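The values are calculated or read from the model by the stated rules, or taken from the named source; none is laboratory data. Since we're looking at a predicted model, the values are computed, not measured. Virtual Cβ from ideal backbone geometry, glycine too; neighbours counted across all protein chains shown.
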Amino acid sequence: MDANLSDDEVPSLVQPGANAKVVNDQGEEIPELVTSADDTPQSKVPITIVTGYLGAGKTTLLNYILTEQHGKKIAVILNEFGDSIDIEKQLTVSDADSTSASPVPFVPLANGCICCSVKDVGVAAIENLMEQSGLFDYILLETTGLADPGNIAPMFWLDDGLGSSIFLDGIVTLVDAKNVLKSLDEGYGDEEKMEKRKNEGHDEHGPLLTTAHLQISHADVILINKTDLVSDEELEKVISRVQSINGLAKIKTTTKSQVPQLEGLVLDLHAYDEVTDADLQFASKGHSHLDPTITTTTITFSSLSRSQVDKFDLFLRTILWEETLPNNTPHSPFEIHRLKARIPLQDGKMLLIQGVRNIYDTNESKAPTDAESQEAKLVLIGRGVDQPAVRESLLATLES
Ligand SMILES: Nc1nc2c(ncn2[C@@H]2O[C@H](COP(=O)(O)OP(=O)(O)OP(=O)(O)O)[C@@H](O)[C@H]2O)c(=O)[nH]1
């Protein structure tokens, strides 16, 4: 495995297993950050982030889970306070502040679950809560309706490589079937957040990027809820639009947030430790560009030689860390929210790559089976990712 550090030297996720190696951006190896074989994700508690626009049905989903018999001890954490601005402040709270927080009252429930509200969704604060409350099989974190999951997910993903007792399993986004198209088109309720993004240097020209876009583009599972409030035709429109934004996510329709099963839809998604052929095949089917702002795009190419692996890595670092294309290729602005790739190598191995915002992680696995595609695929979700220059630049970099 080969993972890289971002400019401020935050280490990437490191999974135990073959040839684990972490390097900084000068290419120097940092062996002490590699997790040991004993420190497997299985011994850690998975955390699913539940997000969704105001009123989409997040609390209804959690209440449903907390009253169902599922045989798991689940800790539900509600990040109830504050608006989007506060959340981002809370994420930067120092460890000292978080761990010295006064005990948080938990509400124990009949089916073994507990529930509590927190202001701080930082990793240290959540670990601290878990220490106070004993052993749990699972953590569900409900964010406020205006949260950007792209800011929250990297904290838990990164921390996995640092010996944390929790690891990120995935992001579930609830979508309100009745109101989502309006939210995507009008950004209703988002003005303050989008102004803040602009001030942070994001390029906010072009079609409107709303919180609803951010929550859909980062999702691993999307539950399109409140289906009782729309006609079949309206629902089809919503599904197509959501799919055109995020072609990687699993999509299910629900009423009153009643998921047909928890496993694979809310729990145990393994969204950050697996890159399956099936996911990428689906994303590659080319859903039409129904949304003007965010799209999923798939770039396919032939298997790589060993010497091309470094070139591919250079391409990723340039697009993710510098938000530009290698070799000064002219391009319009772009912004990548999520990426996945499966790349067969000519020596018979396979590279599996995961990314969220500007962090990515590369694992090497055994050769693809006969049933799996032998074609290399890079799937990008974000703004401006479908411009031809991105694909052309990748192919030129690999041939250079
Ligand atoms: N008709 C209908 N109402 C629903 C459905 N799911 C949830 N609701 C209702 O919609 C309202 C909002 O649901 P919540 O679960 O509180 O939504 P939320 O996403 O937690 O909302 P915020 O915390 O405000 O962001 C509640 O009154 C729910 O009872 C559904 O499928 N159909």
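Pairs linking a residue in the range 330-343 that is not assigned by TED's automatic domain parsing to the domain that holds HIS213 to a residue that is hydroxyl-bearing (Ser, Thr, Tyr), with Cβ atoms under 8 Å and 6 or more positions apart or on different chains, are HIS331/THR324; HIS331/SER393; HIS337/SER217; ARG338/SER217; LEU339/TYR360; ARG342/SER373; ILE343/SER303. Let me spell it out: the conditions are (1) more than 16 Å from the ligand (Cβ to nearest atom); (2) at pLDDT 90 or above, and GLY206 meets all of them except one. Which number is the exception? Just one mismatch for GLY206, condition (2). Please verify whether HIS289 is in contact with a strand residue (DSSP E or B) (Cβ under 6 Å, 6 or more places away or on another chain) and surrounded by fewer than 16 Cβ atoms within 10 Å (Cβ to Cβ), treating the condition exactly as stated. Yes; evaluated as a whole, the condition is true for this residue. How many residues are within 23 Å of the chain's Cα centre (by Cα), away from the ligand (no atom under 15 Å from the Cβ) and without any contact (Cβ under 8 Å) to a residue 12 or more places away in the chain when one looks only at the range 218-269? Looking only at that region, the number is 2.
The number of residues in the range 45-87 being modelled with pLDDT of 80 or more, away from the ligand (no atom under 16 Å from the Cβ) and either exposed (fewer than 15 other Cβ atoms within 10 Å of the Cβ) or in a helix (DSSP H, G or I) (or both) comes to 1.
LYS119 - would you say it is under 21 Å from ILE166 (Cα atoms), at pLDDT below 80 and in the same structural domain as VAL266 (by TED's automatic domain parsing)? Yes. Would you mind stating whether LYS340 is of a type in the set (Lys, Arg) and crowded, with 18+ Cβ neighbours inside 10 Å? Here the answer is yes, as LYS340 does meet what is asked. In the range 266-276, the count of residues that are surrounded by fewer than 19 Cβ atoms within 10 Å (Cβ to Cβ), modelled with pLDDT under 95 and of a type in the set (Val, Ile, Thr) is one or more.
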